[in-house]
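> One structure, pasted below without further comment.
The values are calculated or read from the model by the stated rules, or taken from the named source; none is laboratory data. All figures in this text were calculated on a predicted structure; none of them were measured in a lab. Neighbour counts run over all protein chains shown; Cβ positions are idealised from the backbone, glycine included.
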Amino acid sequence: MKNCTKLVLVFFLIPAVLFGQSKKGAKGGDKIEKLKAEAVAAVEANKEQAQQINDMLFSFAELGFQEEESFKYLTTLLEKEGFTVKKGVAGIPTAWIATWGSGKPLIAVGSDIDCIPKASQKPGVAYKDPIVEGAPGHGEGHNSGQALNIVAVLAVKKLMEREKIPGTLMLWPGVAEELVGTKAFYIRDGYFKDVDACIFTHVGNNLGVSWGDNGYNGLVSVRFNFEGQAAHAAGAPWRGRSALDAVELMNIGWNFRREHLELTQRSHYVISDGGDQPNVVPSKAAVWYYFRERTYPKIKKLFETGVKMAEGAALMTDTKFTYEILGSAWPVHTNRPIAAAMYDNIKKVGLPTWTDDDQLLARASQLELQAPKVEGLAVKLDSMGMPTSTAPVVMMGGQAMTPMGGGSDDIADISWSLPTIVLRYPSNIPGLPGHHWANAISMATPIAHKGIVAGAKAEAMTLLDMLLKPEIIKEAWAYYKDEQTKDIKYESLITSKEQPAIYLNKKIMTEFKPKLEKFYYDPSKYKTYLEQLGIKYPTVRDDQREAVKKEVEKAAAKVSSSSR
Ligand SMILES: [Zn+2]
């Protein structure tokens, strides 16, 4: 109800002059509604392009910093559509910024493009069935956001041209989001300094938006490099100083310390270099940590504790160490006025209509992965996400809980630098583990395609709001200045000396790219990627089909008994 009142008020505040009307502001509102309806129709008419972009990026399956094919494909497409594309921004070969239009406002629209190691999976198949065994895959659904943004922006661009609406649209990719490896560098290097507002899109299980502290952790990604002395591991082990020993002792120290850390922290590591072969005492070894916490000071403290562990390990083993910061992210905080505008549009769009096939794939996947609930795809819109100090958050994996920490996204560094929101759209299946092959199941199927189209409609409408109602951006900055950053000022976790770690994942992609190339999507021959792979939609085993039937019957019986 409150939102409706606000909406009516907003309509009366629109500068009538924008529409060549001198009398009734409400007519300006009517005009915006008419333009929004046109944008929605344009997105609907262009849904094949959305599907193609989505399926194409899915088939490239590129890990962070190695998104070469995605880079070529997206920048070529945007240049064809009349955008000016700056390539290799912030010293990152696969990063780009595409702009179109002129003057203010400058609105940035972004989404991630990288995928997950070892998550290769055939779309539309409700059990593990990789396209290429061991290869990377879109087990986070980052293949979908650019498709959404591009069709939304193209629909709005057409209207801006016809109606001579002033403003600049900027499209950009989150490169290496899984490594939180780039967005703090975009900010540090000034690529967002003139941007008035940013809409970011991320795949989810519902069409939604939040504002305030989103309940995420921020993090710093650090690799500790130890150096010792090589020696014959049997002939003269006393002459060696093992760098691997240092890594193991650092991890032991950390794992004991873990008990005495705050419950909101998350920390995890991989040994990225454990030596070469057993008969040579490892002279070099490295361990790569993510230190996550709820606030910037806590992240810094956790990191300092990590450095102490490394010092202790070096002392015990008579080795030396250095560390490198490979990425960073603040905890996400998003903008209230823009979220409110987006949520009004989300309510107008509503959720996609799912078919029985979509629901069967979703439920079979939920059963296969032992999801907390076998509930299929979302059929009821989420309420607007509230700041986590007052509302429980739904964590990945489906449990609702008070904010105890969790994942991170470096969109935070943008959200702390200018008014930003994150639009979530229903292209994935609820209740899956995340960063997992199963999260790729829906990502080149009608579920993903419909989720993108719904998201693109809400985004196109919100872009029109921001272009035609200057008070939204004014209010957004007031929220940013007077509330969000009143007591907390953004300081990056990276300094002027850090460089983006663009070499990461190179080895893995060199191994898998030739194998994946054979499966790149060819839209000139196949309508969809499912068709190209010859996958019957949905592909479920007989036992899965039976189990889903039982689950649905059980749920129906529960409803009828509770309504008695
Ligand atoms: Zn993500």
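> Taking region 203-225 as the search range and keeping residues that are aliphatic (A, V, I, L, M) and closer than 26 Å to Leu504 by Cβ, which one is surrounded by the fewest Cβ atoms within 10 Å (Cβ to Cβ)?
This residue is Val222.
> Among the residues of region 117-144, what is the count of those that are more than 16 Å from the ligand (Cβ to nearest atom), surrounded by fewer than 24 Cβ atoms within 10 Å (Cβ to Cβ) and not small (Gly, Ala, Ser)?
The total comes to 9.
> While we're on this one: Being away from the ligand (no atom under 15 Å from the Cβ), more than 22 Å from Leu57 (Cα to Cα) and modelled with pLDDT of 95 or more narrows it down to one of Leu464, Leu504, Leu493, so name that one. Write out each step before concluding.
Working: Leu504 fails: more than 22 Å from Leu57 (Cα to Cα); Leu493 fails: modelled with pLDDT of 95 or more.
The conditions single out Leu464.
> Something else about it: Which of the residues spanning region 190-215 are assigned to a loop (DSSP other than H, G, I, E, B) and away from the ligand (no atom under 16 Å from the Cβ)?
Gly190, Tyr191, Phe192, Lys193, Asp194, Val195, Asp196, Leu207, Trp211
> Could you list, in sequence order, the residues of region 103-119 that are more than 20 Å from Ile338 (Cα to Cα) and basic (Lys, Arg)?
Once the filter is applied, which keeps residues that are more than 20 Å from Ile338 (Cα to Cα) and basic (Lys, Arg), region 103-119 yields only Lys118.
> Restricting attention to region 145-162, does a residue exist that is surrounded by 24 or more Cβ atoms within 10 Å (Cβ to Cβ) and within 12 Å of the ligand (Cβ to nearest atom)?
yes
> Right, another one. Is it the case that region 172-185 has a residue that's among the β-branched types (Val, Ile, Thr), more than 16 Å from the ligand (Cβ to nearest atom) and surrounded by 22 or more Cβ atoms within 10 Å (Cβ to Cβ)?
no
> Touching a residue at least 40 places away in the same chain (Cβ under 8 Å) and farther than 30 Å from Asp382 by Cα - does that describe any residue in region 197-211?
Within region 197-211 (the criterion being touching a residue at least 40 places away in the same chain (Cβ under 8 Å) and farther than 30 Å from Asp382 by Cα), the answer is no, since none of the residues qualifies.
> Exactly one of these conditions fails for Tyr526: (1) more than 27 Å from the chain's Cα centre (by Cα); (2) closer than 30 Å to Arg292 by Cα; (3) in a loop (DSSP other than H, G, I, E, B). Give me its number.
Only one criterion is unmet by Tyr526, namely (2).
> Filtering region 216-229 down to residues that are in contact with a Phe, Trp or Tyr (Cβ under 9 Å, 6 or more places away or on another chain) and not aromatic (Phe, Trp, Tyr), which residue is farthest from the ligand (Cβ to nearest atom)?
Ranking the candidates gives Glu227 first.
> Only one of these is at negative phi and either modelled with pLDDT under 95 or part of a strand (DSSP E or B) (or both): Leu360, Leu326. Name it.
Within the list Leu360, Leu326, the selection yields Leu326.
> Filter region 299-334 down to the residues that are among the aromatic types (Phe, Trp, Tyr) and in contact with a helix residue (DSSP H, G or I) (Cβ under 6 Å, 6 or more places away or on another chain), then identify the one that is nearest to Val281 (Cα to Cα).
Initially, region 299-334 is screened for residues among the aromatic types (Phe, Trp, Tyr), giving 303, 321, 323, 330.
Imposing the further condition that a residue be in contact with a helix residue (DSSP H, G or I) (Cβ under 6 Å, 6 or more places away or on another chain) reduces the set to 321, 330.
Values: Phe321: 16, Trp330: 39 Å.
Per the stated criteria, the residue is Phe321.
> Which condition breaks for Gly145 when tested against (1) under 24 Å from Lys298 (Cα atoms); (2) touching a His at 6+ places or on another chain (Cβ under 7 Å)?
Failed condition: (1).
> Oh, and also: In region 253-265, is there at least one residue being within 16 Å of the ligand (Cβ to nearest atom), within 30 Å of Gln484 (Cα to Cα) and either modelled with pLDDT of 95 or more or in contact with a Leu (Cβ under 7 Å, 6 or more places away or on another chain) (or both)?
No - not one qualifying residue is present in region 253-265.
> Suppose we filter region 276-316 for residues that are surrounded by fewer than 14 Cβ atoms within 10 Å (Cβ to Cβ), among the polar types (S, T, N, Q) and in contact (Cβ under 8 Å) with a residue 40 or more places away in the chain; how many remain?
1
> Okay, moving on. Of everything in region 259-275, what is surrounded by fewer than 12 Cβ atoms within 10 Å (Cβ to Cβ) and out of contact with any strand residue (DSSP E or B) (no Cβ under 7 Å at 6 or more places or on another chain)? Give them in sequence order.
Glu259, His260, Leu263
> Taking the criterion of being surrounded by 15 or more Cβ atoms within 10 Å (Cβ to Cβ), under 22 Å from the mean Cα position of the chain (by Cα) and charged (D, E, K, R), would at least one residue in region 329-340 satisfy it?
Scanning region 329-340, I find at least one residue that is surrounded by 15 or more Cβ atoms within 10 Å (Cβ to Cβ), under 22 Å from the mean Cα position of the chain (by Cα) and charged (D, E, K, R), so the answer is yes.
> Next up: With the condition kept exactly as written, say whether any residue in region 98-107 is touching a Ser or Thr at 6+ places or on another chain (Cβ under 7 Å) and within 16 Å of the ligand (Cβ to nearest atom).
Within region 98-107 (the criterion being touching a Ser or Thr at 6+ places or on another chain (Cβ under 7 Å) and within 16 Å of the ligand (Cβ to nearest atom)), the answer is no, since none of the residues qualifies.
> Hey, could you check region 440-477 for residues that are among the polar types (S, T, N, Q) and touching a Pro at 6+ places or on another chain (Cβ under 8 Å) and say which is surrounded by the fewest Cβ atoms within 10 Å (Cβ to Cβ)?
So, considering only residues that are among the polar types (S, T, N, Q) and touching a Pro at 6+ places or on another chain (Cβ under 8 Å), the one surrounded by the fewest Cβ atoms within 10 Å (Cβ to Cβ) is Thr445.
> What are the pairs with Cβ atoms under 8 angstrom where one residue, in region 120-137, is on the phi < 0 side of the Ramachandran plot and the other, located anywhere, is surrounded by fewer than 23 Cβ atoms within 10 Å (Cβ to Cβ) and of a type in the set (Asp, Glu)? Sequence gap at least six, or different chains.
Hits for this filter: Ser120/Glu133; Gln121/Asp129; Lys122/Asp129; Ala126/Glu368; Tyr127/Glu368.
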